[in-house]
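Some notes on the structure that comes next.
All of the numbers you see were taken from the coordinates with simple rules; none came from a lab. Small disclaimer: the values here were computed from a predicted structure and weren't measured. All Cβ positions, even for glycine, are placed from backbone atoms using ideal geometry, and neighbour counts span all protein chains on display.
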Amino acid sequence: MSKQRTRAYKARIDQALATPRLQDTLHRFADAYLLAREAAFAGHDFEALRTGIAAMKDEVRERREEYIARFTRNAKAAGATVYLARTAQEANAYIVSLARQRRVKLVTKSKSMASEETHLNQALEEAGVRVLETDLGEWIIQLAGQRPSHMVMPAIHMSKEEVAELFGKVTGKVEPAEIPHLVQLAREQLRQGYLDADMGISGANLAVAETGGIALVTNEGNARLVTTLPKIHVALVGIEKLVPTLEDAHKVIDVLPKNATGQLSTSYVSWIRGAVPCGDAPKELHIVLLDNGRSALAESPHCRDALRCIKCGACANVCPVYQTVGGHVFGHIYISAIGIILTAFCHGLENAAELVRTCIGCRACVAVCPSKIDLESIILHLREVLGEEEGIGAGKALVFKRIMRNRTLFHTMIRAASLLQKPVTRGERTIRHLPLFFAGLTEWRSLPAIADKPLRDQWPSLPQQVDRPRYRVAFFAGCLNDFVYPELGHDLVRVLNRLGVTVSFPKEQNCCGVPALYSGDRDTATALAGQNVAALLADDPDFVVTTCPTCTMALQRDIKDLLRDHPRWAAKAERLAAITLDVSRFIVEKCDGGQALAGLAAPEKVTYHDSCHLKRGAGVWREPRRLLADSGRELVEMGHADRCCGFGGSYSFTSHPDIARRILGDKVADIAATGAACVAMDCPGCLMQIRGGLDKQGPPVRVAHTITLLAETLA
């Protein structure tokens, strides 16, 4: 079943990749969004704002029964009817029953993702009730027979030409693809529906326990017409929308438009509380509070932070995968990173499985989230659950469980591979063509050859002369540095020796465990964590330094989590995390900013690529730029410097190489646009991906690790 599901999903990916207009539309939106968001948050402390929202939402989650009861009590006191629906079916049944009792023929709706979640429109139409979506984007996709491809902008995937064609089917005429005309046409077509509707249905952005009222944050006037003109208003509201007070509601409203669309504020903020006069009879207000898996999510120790979400959709706006395949592929009902988690709990893990594996783990969503949700960590947990339920595949299971855990066997096999590759390397360090069914791997990028002699075998002959060392550091090389780019180890020793630091290479170190962890094999990752803790702390170094940000995150974050419940290793894992530093940060913070290297470089125009796990995981991005600039190089910023390069480990080889290829193409274009002679980075994986991409499809730009460029200043 899972294989059939995967094949069907990959066919959808292929279809999306064959639609360049989709990528162009989403990229243009993303570029405009980033600029608008930056301007909207100018003068605001985003970190403080999102920390406050996270704390408030956590309180509501922990005391949700109390806040549901308080909201219900106050809403009823104001004249509303409140119904708590445990499931989507219960919510739909209540609303359909109400429509039948009131003889409703026409329902007008404003945008509501909760109604998409429950498939409310279908339930109403099956009961003989006509449903008219009045949000412009929702009306467009209703006419197209589609579902939203974005939580805030449901029809963002469609061009104005496609919309004109749809509208022409409604009017029976050829409609010009001019946005003002299409907007006016929508007004004309929808206006009578507001007047004829027997019931209006909306969602809500907030439900305030203090008052029993709800708030809608919108950019179109349709929501006010839907909620005021019909004699019955039904608000379908997820219980995660609860906030304690009006002051808390203001905090969310202050952040939501800025993070969702880059607006200082939306056009309308509507506050609705209780029954109000409506013609010759009081208006009915029914508030349906929706659980549908949210309580289960609240009880999950690994995933519960997802209930902080305020539904801004920003995780899609910055996601390279979303920008490549769109929300109809990278989503179920809810889309992108938060959509993966909500799908698992609201619609079942089987509907989230392919989405979990399509996330590249770049952490862009984590950096932009206004509720401070570590979305990547939650998605990693879901991968572990999938790995336990569906397995990780026979090939990966063999590699991780039988080979990688056995360090001697693992390294012996890599050494053997260095010999077996000879026919395709032809004596070079670069593989430009692979035969047979491997050919696709080198169609769009070249690959580095495995080194003839790994760094661990070269280490004893590396000279180190430091008379009075200020620090003793252990070097955690990681697999790529050790077996593919051993020269990075030479460069690191030269630089750190010049700065008065001696470097050791603990021979018992093994893979950091991230490949296994990201594939869902937590057991192997845990076994490797124990091996590395023992190896790296054996000689009690002052610090452990790395040249790979993924390894940095493994030592700083993952190992602590993996070994938290192991009495033998927990405290040592905490110690290792505390002394592990990326080498750029180590030089800046512990070695006087590398002043001994300042001004020694030959003039060279260099641009810098931020590796995902370095900037958004380890929090390092200023340090390498400072070191490059201080060395005497001309540093020029590229567009989207922190956008993923598409590597993602096995993601670009076995999981989703076609998506990785498109993401890499964006990065190559950004590098070329700078006119730089060299692009620097601090990740061997990015080095492999970008060097290979430039070799195959880009201009002749040199690709180098920052530590290599610093070592060159000493030549």
| note | In whole angstrom, the spacing between the Cα centers of the stretch 1-76 and the stretch 478-497 equals 39
| query | Of LYS396/LYS422; LYS3/LYS57; LYS109/LYS173; LYS109/LYS160, which ones are farther than 29 Å apart at the Cα? | reply | LYS3/LYS57
| If contacts are Cα pairs under 8 angstrom and at least 6 residues apart, what is the relative contact order of the chain in percent? | 11
| task | Before anything else, pin down the relative contact order of the stretch 430-572: Cα pairs under 8 Å, at least 6 apart, normalised by residue count, whole percent. | result | 23
| message | I want the local charge near LEU216. Using Cβ-Cβ distances under 15 Å, sum +1 for each Lys or Arg and -1 for each Asp or Glu among the other residues. | response | +3
| remark: Other residues with Cβ under 13 Å from the Cβ of GLY617 give, with Lys and Arg +1 and Asp and Glu -1, a net charge of -2
| task | Would you mind calculating the gained length between ALA39 and ASP58 on full extension (0.36 nm times residue separation, minus the Cα-Cα distance), in nm to one decimal? | result | 4.0 nm
| field | Inter-site label distance for THR87 and THR408 at 7 Å from Cα along Cβ, in nm | value | 5.6
| field | Tilt relative to the chain, helix 657-674 - C-alpha long axis, 0 to 90 degrees, to 10 | value | 70
| Estimated 222 nm signal from helices in the chain, with DSSP H stretches of n ≥ 4 weighted -39500 (n - 2.57), rounded to 500 | -14500 deg cm²/dmol
| said: Taking the alpha-carbon distance from LYS283 and a cut-off under 13 Å, which aspartates and glutamates remain once sequence neighbours fewer than 8 residues away in the same chain are dropped? | reply: ASP198
| message | Whole angstrom only: what separates the Cα centroid of the stretch 696-715 from the Cα centroid of the stretch 449-475? | response | 21
| remark: Here, ASP542 and GLU634, labelled 7 Å along Cα→Cβ, have an inter-label distance in nm of 3.8
| field | Gain on full stretching of the segment that runs from ALA534 to LEU462 - 0.36 nm per residue minus C-alpha separation | value | 23.5 nm
| query | Hey, which lysines would be in cross-link range of LYS615, C-alpha to C-alpha under 18 Å, not counting anything within fewer than 8 residues on its own chain? | reply | LYS372, LYS667
| query | Any idea what the relative contact order of the stretch 63-290 is, in percent, if you count C-alpha pairs under 8 Å spaced at least 6 apart? | reply | 28
| Degrees separating the helix 375-390 axis from the principal Cα axis of the chain, which is the longest one | 90
| query | What does the charge count near LYS111 come to, summing +1 for each Lys or Arg and -1 for each Asp or Glu among other residues with Cβ under 12 Å from its Cβ? | reply | -3
| Full-stretch length increase - GLU390, VAL174 - with 0.36 nm per residue and alpha-carbon distance subtracted | 72.7 nm
| task | With r as the distance between the Cβ atoms of TYR9 and GLU162 and R0 = 25 Å, compute the FRET efficiency 1/(1 + (r/R0)^6) and round to 0.05. | result | 0.55
| remark: Pseudo-spin-label distance ALA281 to GLN101, built 7 Å along Cα→Cβ, given in nm, is 1.3
| query | ³J(HN,Hα) across the stretch 552-557 via Karplus (A = 6.51, B = -1.76, C = 1.60, θ = phi - 60°), whole Hz, x for Gly/Pro? | reply | 4, 5, 4, 6, 7, 10
| field | Positive-end residue, the chain charge dipole about Cα centroid, Cβ charges, pick of LEU419, THR674, HIS250 | value | LEU419
| Between the stretch 624-674 and the stretch 515-531, how many Å separate their Cα centres? | 27
| For the pair ASP374 and ARG191, what calculated FRET efficiency results from E = 1/(1 + (r/R0)^6), where r is the Cβ-Cβ distance and R0 = 51 Å, to the nearest 0.05? | 0.65
| field | Assigned charges on the beta-carbon of Lys, Arg, Asp, Glu; the stretch 6-130 dipole about Cα centre (debye) | value | 720
| query | Looking at GLY212, LEU382, ALA42, which one has the Cα that reaches farthest to the positive end of the dipole of the chain (charges on Cβ: Lys, Arg +1; Asp, Glu -1)? | reply | LEU382
| task | Mind pulling the angle between the C-alpha long axis of helix 522-537 and the longest principal axis of the chain? Nearest 10 degrees, somewhere in 0 to 90. | result | 40
